[in-house]
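Structure, as structure tokens:
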Amino acid sequence: MMTQFNVPRRPFGRRDGNAILESGLCFLLFITIFMGFMEFGMGIFTYNFVSYAAREGSRYASTRGSQCVSPCTTATADTIQTMIRQQVVALDSSQVAVSTTWNSSNIPGNTVTVNVSYPIKPLIGFVLGNITVGASSTMTIAQ
């Protein structure tokens, strides 16, 4: 004669499919965190480029003042903007805004200030909206 064991049922019913549901929720959380890291990294990259571009623009203008001799040409707002936009990597160069101001004139001893800004459009823009990063650099005109 065989004995039968009575196995108690689980109090809340069957749990088939729990693993796939929990895996899906964990995957969603992982992807959200990963996308946040990617957005943050792209923001840092953009800020680094904008600060580099402002520094390079002010260097370019400070070495090309009104007393610049051939073969260099005197820096203007347009030449500085063109120089900065030619150095853009992985960003839309038409979105880079450059403004240049000289302290009274571009003679040696005065200062030049270059402001560069770029709008960041995050993937989750409906939450954050557009973010504009900007940097400014001021240098003394050398020649």
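Every number in this text was worked out from the coordinates using simple rules, so none of it is lab data. The model shown is predicted, which means the values in this text are computed figures rather than measured ones. Because the Cβ atoms are built from the backbone with ideal geometry, glycine has one as well, and the counts that use them run over all protein chains shown.
If you count, for each residue, the other Cβ atoms within 10 Å and average over each peptide, how do 56-62, 127-133, 46-52 line up from highest to lowest?
So the peptides 56-62, 127-133, 46-52, ranked by packing, come out 56-62, 46-52, 127-133.
Nearest 10 degrees is fine. How inclined is helix 77-86 to the longest principal axis of the chain, computing both from alpha carbons?
Between the helix axis and the principal axis of the chain, the angle is about 40 degrees.
Match the structure shown to one of the listed values [x] 36, 16, 12; [y] 63, 12, 11; [z] 37, 20, 13 of semi-axes √(5λ) of the Cα gyration tensor in Å, computed from it, and give that label.
Evaluating semi-axes √(5λ) of the Cα gyration tensor in Å on these atoms matches [y].
Multiply the residue separation of Cys72 and Leu128 by 0.36 nm, subtract the distance between their alpha-carbon atoms, and state the gained length in nm to one decimal.
Stretched fully, the Cys72-Leu128 segment lengthens by 15.7 nm.
Give the long-range amide H neighbours of Ile107: residues separated by 5 or more places, or on another chain, with amide H under 5 Å away, using H modelled in the peptide plane at 1.01 Å from N.
It is Ser66, by chain and number.
With everything on Cα atoms, drop me the angle between helix 18-62 and the longest principal axis of the chain, reported from 0 to 90° to the nearest 10.
Roughly 10 degrees, rounded to the nearest 10.
With +1 on each Lys and Arg Cβ and -1 on each Asp and Glu Cβ, how big is the dipole of the chain about its Cα centre, in debye rounded to the nearest 20?
Magnitude of the dipole: close to 420 debye.
Provide the gained length on full extension for the span Arg14 to Thr140, in nm with one decimal, where the gain is 0.36 nm per separating residue minus the Cα-Cα distance.
37.7 nm
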